[in-house]
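Undergrad: I have a structure here, written as structure tokens, and I will follow up with some questions on it.
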Amino acid sequence: MYKISTRGQYALLIMEDLALGEPDKYIPLKILSHRRNLSVKYLEQILIHLSKAHLVNGSRGINGGYKLTRQPQDYTIGEILRVMEGKLCPLGDFENNTVISEGSREFWKNFESTINDYVDSIHLNELAQKNKEFIGYEYSI
């Protein structure tokens, strides 16, 4: 079965953090790293992909860091995941897959469509808001 990698999962978490920040202010890399307990190097790799896709803007210097390039409601979860994962298809290139029977080909096309329709129906602001509401229940000892 197809699984979303940890890079894809962390990309969503980082985008959520950025969505909850002030839109005009950059969030420093070290703060993002600390919030999610990720190494700076690993986080940089993720942010490079997001930056190349123009989903985030990076700035160096004393007030540097990262911020979203658009409003959170203008991002879909599918868009973010595709930057990190590529095409979201449970079987890869099933059009040329000789193992799949003609009868089940339609099933796999519909399955792929359902996955993509779902991740494209959820926007970053919705995910960030749900996460913000849940934060009140977190605690540590």
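Undergrad: Could you run the Karplus curve 6.51 cos²θ - 1.76 cosθ + 1.60 with θ = phi - 60° over the range 80-89 and give me ³J(HN,Hα) per residue in whole Hz, x for Gly and Pro?
TA: Each residue's phi maps through the Karplus curve to give 5, 4, 5, 4, 8, 10, x, 4, 8, 9 Hz.
Undergrad: To continue, here is another question. Considering just Cα atoms, how many Å³ per residue does the convex hull of the range 14-73 enclose?
TA: 74
Undergrad: Moving on. Quick one: Debye curve from the C-alpha atoms of the chain, no solvent, what's log10 I(q)/I(0) at q = 0.14 Å⁻¹?
TA: -0.71
Undergrad: Want the number for GLN129 to VAL40: 0.36 nm per residue separation, take away the alpha-carbon distance, what's left?
TA: Gain on stretching GLN129 to VAL40: 29.5 nm.
Undergrad: Provide the per-residue ³J(HN,Hα) series for the range 39-54, in order, calculated from phi with Karplus coefficients 6.51, -1.76, 1.60 and θ = phi - 60°, each as a whole number of Hz, with x at glycine and proline positions.
TA: My calculation for the range 39-54 gives 5, 4, 4, 5, 5, 4, 4, 5, 5, 4, 4, 5, 6, 4, 8, 6 Hz in order.
Undergrad: Which distance in nm do the two modelled labels at ASN63 and GLU102 give, with both placed 7 Å along the Cα-to-Cβ direction?
TA: Placing both labels 7 Å beyond Cα along the Cβ direction yields 6.5 nm.
Undergrad: Return the FRET efficiency for the residue pair ILE31, LYS87: r is the Cβ-Cβ distance, R0 is 22 Å, and the value is rounded to the nearest 0.05.
TA: Values: r = 32 Å, r/R0 = 1.48.
The formula returns an efficiency of 0.10 here.
Undergrad: Another question about this same structure. Got a sec to turn the phi values of the range 17-34 into Karplus ³J(HN,Hα) couplings, 6.51 cos²θ - 1.76 cosθ + 1.60 with θ = phi - 60°, whole Hz, x for Gly and Pro?
TA: Calculated HN-Hα couplings, in order: 4, 5, 5, 7, x, 6, x, 9, 9, 7, 9, x, 4, 5, 5, 4, 4, 5 Hz.
Undergrad: Using only Cα atoms, find the angle between the long axis of helix 102-121 and the longest principal axis of the chain, and express it within 0 to 90 degrees, rounded to the nearest 10.
TA: Here the helix axis deviates by roughly 20 degrees.
Undergrad: Same structure, new question: Taking the solvent-accessible surface of protein heavy atoms with a 1.4 Å probe, what is the per residue accessible area of the range 1-108 in Å²? All intermediate terms of the calculation are to be shown ahead of the outcome.
TA: Details: 6640 Å² over 108 residues.
Accessible area per residue: 61 Å².
Undergrad: Enumerate the amide H contacts of ILE27 below 5 Å, restricted to partners 5 or more residues apart or on another chain; note that Pro and chain-start residues carry no placed amide H.
TA: Here the answer is TYR66, LYS67, since their amide H atoms fall under 5 Å of that of ILE27.
Undergrad: Full-extension gain between GLU79 and ASP24, please, as 0.36 nm times their residue separation minus the C-alpha to C-alpha distance.
TA: This chain segment gains 17.6 nm when fully extended.
The values are calculated or read from the model by the stated rules, or taken from the named source; none is laboratory data. Keep in mind that what you see is a predicted model, and the values were worked out from it rather than measured. Reconstructed Cβ throughout: ideal geometry from the backbone, glycine too, with neighbour counts over all protein chains shown. Note: areas computed on protein heavy atoms with side chains; ligands, DNA, RNA excluded. Shrake-Rupley method; radii C 1.70, N 1.55, O 1.52, S 1.80 Å.
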